[in-house]
Amino acid sequence: MQDPDFISIFVAPLEKVGIRYMITGSVASSIYGEPRNTLDIVLVVLLESNQTKELINLFPEKDFYLPPSDVIEIERRREAHGHFNIIHHNTGFKADIYLSRNHPCLPWALDNCRRIETDSCLISIAPPEYVILHKLEFYRESGHQRHLRDIAGIIEQQELDQTFLQHHLTALNLTNHYKAAEDLISK
């Protein structure tokens with residue numbers, strides 16, 4: 001599992017006040033597949049308008065960088081790609097916070113989130129199928145091979161809902177990228 005500091009620094013505060021979130025990205029893929037080091041954690045956060053001030057209070061300016069509340073509100077209201085970062089000054093660790101609620105798989109992912117006990121707290125992790133789809137979208141945008149390696153690790157180590165996955169690979173036009181990740185397994 002990843003360094004628990006990510007959990008205590010970024011996730012435990014959300015858990016404490018009940019802001020709904022789920023971990024995805026390389027931290028989730030390391031839990032489901034092959035572990036690897038990272039300096040960030042990707043969180044999908046379902047921030048309600050009345051929770052912005054609470055979020056800011058969880059991450060005080062003396063310890064963290066995060067954008068001003070008006071910027072967080074602008075990002076929260078975006079139809080797509082609402083996003084900001086929180087950076088922990090002492091460690092340099094970063095949380096990529098995604099706020100958009102319009103991903104076609106988000107309702108399913110939230111309903112199928114997994115709860116895992118850690119030393120710090122109980123955490124919510126996106127289901128592996130959602131992690132795969134998100135990493136494929138990042139791969140399509142960036143071309144970084146590490147996303148395909150992360151996906152290959154998940155494919156090798158998890159029982160996946162193939163019906164769900166194949167439907168959304170087709171719908172999101174990600175089938176060829178998924179095949180590229182599968183090809184890494186046979187090498």
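Read-outs throughout are calculated quantities, based only on the coordinates presented, and are distinct from any laboratory measurement. Keep in mind it's a predicted model, so treat the numbers as computed, not measured. Positions of Cβ are generated from backbone atoms using ideal geometry, with glycine treated the same way; all protein chains shown enter the neighbour counts.
Rg and Dmax of the chain, based on Cα coordinates, read 16.3, 50 Å. Ranked for footprinting exposure by Cβ neighbours inside 10 Å, fewest first, 49, 124, 8 give 49, 8, 124.
With a cut-off of at most 12 other beta carbons within 10 Å, and DSSP calling the residue loop, which GluC sites (Glu not before Pro) in the range 57-93 qualify? Please list them.
Working: sites: 61, 73, 75, 79; in loops: 61, 79.
Passing sites in the range 57-93 are 61, 79.
Using a Gaussian network model of the chain in which every pair of alpha carbons under 10 angstrom is joined by a spring, one finds that among 35, 128, 107 the greatest mean-square fluctuation is at 107. Among 9, 151, sorting on how many other beta-carbon atoms sit within 10 Å of each Cβ, with the fewest leading, yields 9, 151.
Where does the chain land at 222 nm, in deg cm²/dmol rounded to the nearest 500, when only DSSP H runs of n ≥ 4 count, each adding -39500 (n - 2.57), divided by all residues?
Values: 9 runs with 85 residues, N = 187.
Only helices count here, giving -13000 deg cm²/dmol.
Of the GluC sites (Glu not before Pro) found in the range 126-183, the ones in coil according to DSSP and having at most 12 other Cβ atoms within 10 Å of their Cβ are 159.
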